[in-house]
Ligand SMILES: Nc1ncnc2c1ncn2[C@@H]1O[C@H](COP(=O)(O)OP(=O)(O)OP(=O)(O)O)[C@@H](O)[C@H]1O
């Protein structure tokens with residue numbers, strides 16, 4: 001198709017030259033015949049172009065989708081989330097992901113840009129050969145001018161691609177301000193705090209700063225190359241016309257040579273545009289490779305375990321000497337922490353904001369590994385266990401349960417085997433939520449989709465609890481509840497407390513909560529302070545000890561009773 005795309009315009013030039021020669025000679029048949037050939041060439045050029053575009057689009061879309069999938073797979077492969085929080089890797093992944101979507105830099109464009117580049121180059125070469133038939137040095141001159149212009153274009157394109165990536169940090173900031181100003185999540189606060197103007201201005205300032213770098217003035221060399229090309233083309237045309245006027249060149253070849261200059265210019269322009277797009281797409285591929293290389297080590301950490309976690313925990317979950325810092329930070333959020341959670345019992349974890357409660361749960365789920373010490377299940381280090389198998393034993397409700405923009409049923413089932421969700425929903429107190437959905441279990445839980453609905457924070461939390469109880473129904477035996485009542489209304493919260501022992505019976509339960517009315521029902525309670533266990537015992541034992549727990553408990557009780565307990 002590339003050859004057709006290049007040959008057709010040149011064929012029409014030669015054919016038109018012959019047609020003009022026929023007209024000059026008064027040979028009607030000859031002229032009409034070649035005019036038809038020229039028309040056929042132009043038609044072929046149009047048809048070839050359309051086919052080439054269609055094929056390139058189909059191929060390009062496939063290439064882009066494949067790259068997207070590979071990137072998603074690579075990002076999802078690591079069993080932990082550490083790689084997503086390393087700023088350098090996260091930035092690379094984001095650049096890779098964004099540019100795979102950005103129309104101007106999609107690698108799939110290579111399918112058409114390489115074709116355009118090749119077509120332009122063939123046209124230039126063939127034009128040089130045709131013009132060499134007039135004067136060999138004119139053909140060579142055109143080739144030299146075209147190659148030089150193409151080279152300068154390529155250098156400029158590379159610089160431009162570099163600028164685009166160099167500016168990716170500010171591009172991200174621009175998108176952030178754009179989202180702040182135009183999407184629902186921030187809309188309320190932005191207006192209430194009188195910030196719309198501020199957001200628009202910050203977007204504008206970031207744009208101006210970015211453009212200052214991107215739109216650098218062209219150097220002198222590209223200008224000289226363009227001027228040289230102009231001299232060759234204009235000078236060549238003048239020369240051809242002068243020879244014709246002097247009677248040394250017939251009408252046919254005159255028409256052919258003049259048109260050849262114009263077709264050659266079109267070819268150079270096509271190479272130039274396709275070259276820029278090619279450089280941008282290649283730069284995206286470079287970034288993509290870099291991102292894939294950066295994630296690769298996280299996907300296969302040395303010595304990842306494979307021992308089955310079937311039936312675990314039978315005895316206990318034990319954290320021994322555990323210290324932990326988040327990637328890229330030096331602050332220890334857990335410090336030399338020792339904690340044993342007996343199987344089949346409930347443990348409540350309390351402590352001030354930022355004490356490390358959720359971080360402890362993340363270690364338990366194997367989302368991060370301790371910086372020091374170990375998390376062991378029935379005496380086996382978590383690093384030796386098959387993590388997927390261990391996670392099937394867990395039913396976790398995080399503070400903000402993930403909200404899938406899918407059916408209510410998918411939100412409950414969440415990767416587990418098919419079964420009736422009714423019992424789990426009933427036990428979680430989420431029955432009224434599901435009953436109110438317009439399409440029942442099939443209702444999509446996002447207003448962004450047709451027929452979808454938006455749930456409140458409390459309704460999502462009840463579904464989150466139902467999701468966890470469904471997982472228990474499917475074989476999970478460790479229930480982790482991180483602030484399960486934070487968004488619940490007073491009645492739902494009271495109901496949850498009332499049924500806490502029923503919901504957690506026989507399960508190893510870890511409950512994180514600031515609400516002492518739930519906490520007190522756990523078999524054992526630990527108080528965390530700055531990443532350490534400072535108190536542990538039953539509710540009564542901790543009250544009798546009259547330490548931090550007793551103090552916090554009385555403080556909360558006083559709020560409800562209207563005076564100190
Ligand atoms: N992804 C993260 N990267 C860096 N630091 C983090 C990250 N997540 C949490 N932290 C820090 O770790 C500390 C402990 O956080 P954690 O979420 O474990 O506290 P918490 O006890 O659950 O608090 P809360 O009661 O407010 O939920 C906090 O100081 C927090 O800033």
Quick test of your reading of the structure: residue 308 fulfils all but one of (1) near the ligand (Cβ under 10 Å from one of its atoms); (2) over 24 Å from residue 87 (Cα atoms). Name the failing condition by number. (1)
Checked segment 64-106 for anything more than 15 Å from the chain's Cα centre (by Cα), surrounded by 17 or more Cβ atoms within 10 Å (Cβ to Cβ) and more than 16 Å from the ligand (Cβ to nearest atom); matches are 79
The condition from (1) touching a helix residue (DSSP H, G or I) at 6+ places or on another chain (Cβ under 9 Å); (2) more than 22 Å from residue 550 (Cα to Cα); (3) in the same structural domain as residue 393 (by TED's automatic domain parsing) that residue 309 misses is numbered (3)
Can you tell me which residue among 333, 322, 349 is farther than 26 Å from residue 501 by Cα, in contact with a helix residue (DSSP H, G or I) (Cβ under 6 Å, 6 or more places away or on another chain) and within 14 Å of the ligand (Cβ to nearest atom)? 333
Members of segment 5-48 found to be crowded, with 17+ Cβ neighbours inside 10 Å and under 43 Å from the mean Cα position of the chain (by Cα), listed by number: 5, 6, 7, 8, 9, 44, 45, 48
Can you tell me how many residues in segment 357-394 are over 20 Å from residue 84 (Cβ atoms) and within 13 Å of the ligand (Cβ to nearest atom)? 1
Quick one: which of 483, 454, 535 is in the same structural domain as residue 349 (by TED's automatic domain parsing), more than 23 Å from residue 318 (Cβ to Cβ) and buried (at least 16 other Cβ atoms within 10 Å of the Cβ)? 483
Could you identify the single residue in 181, 162 that is within 20 Å of residue 98 (Cβ to Cβ), in contact (Cβ under 8 Å) with a residue 40 or more places away in the chain and either outside the structural domain of residue 224 (by TED's automatic domain parsing) or surrounded by fewer than 17 Cβ atoms within 10 Å (Cβ to Cβ) (or both)? 162
Neighbours by Cβ (under 8 Å, 6+ apart or cross-chain): first from segment 310-331, closer than 22 Å to residue 372 by Cβ; second in a strand (DSSP E or B) and within 11 Å of the ligand (Cβ to nearest atom): 322/334; 323/334; 324/334
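Residue by residue through segment 176-188, note down the ones that are at pLDDT 80 or above and either in contact with a helix residue (DSSP H, G or I) (Cβ under 8 Å, 6 or more places away or on another chain) or assigned to a helix (DSSP H, G or I) (or both).
Result: 176, 177, 178, 179, 180, 181, 182, 186, 187, 188.
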Test each condition in (1) touching a helix residue (DSSP H, G or I) at 6+ places or on another chain (Cβ under 8 Å); (2) more than 10 Å from the ligand (Cβ to nearest atom); (3) modelled with pLDDT under 90; (4) over 21 Å from residue 525 (Cβ atoms) for residue 397 and report the one that comes out false. (4)
Residues in segment 123-134: is at least one within 24 Å of residue 293 (Cβ to Cβ) and away from the ligand (no atom under 16 Å from the Cβ)? no
Kindly establish whether residue 354 is within 16 Å of the ligand (Cβ to nearest atom) and crowded, with 17+ Cβ neighbours inside 10 Å. no
Reported set for segment 400-426 where residues are buried (at least 19 other Cβ atoms within 10 Å of the Cβ) and either within 16 Å of the ligand (Cβ to nearest atom) or touching a residue at least 60 places away in the same chain (Cβ under 8 Å) (or both) is 401
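The values are calculated or read from the model by the stated rules, or taken from the named source; none is laboratory data. Remember, it's a predicted structure, so these values are computed and weren't measured experimentally. Neighbour counts are summed over all protein chains in view; Cβ atoms, including those assigned to glycine, are modelled from backbone coordinates with ideal geometry.
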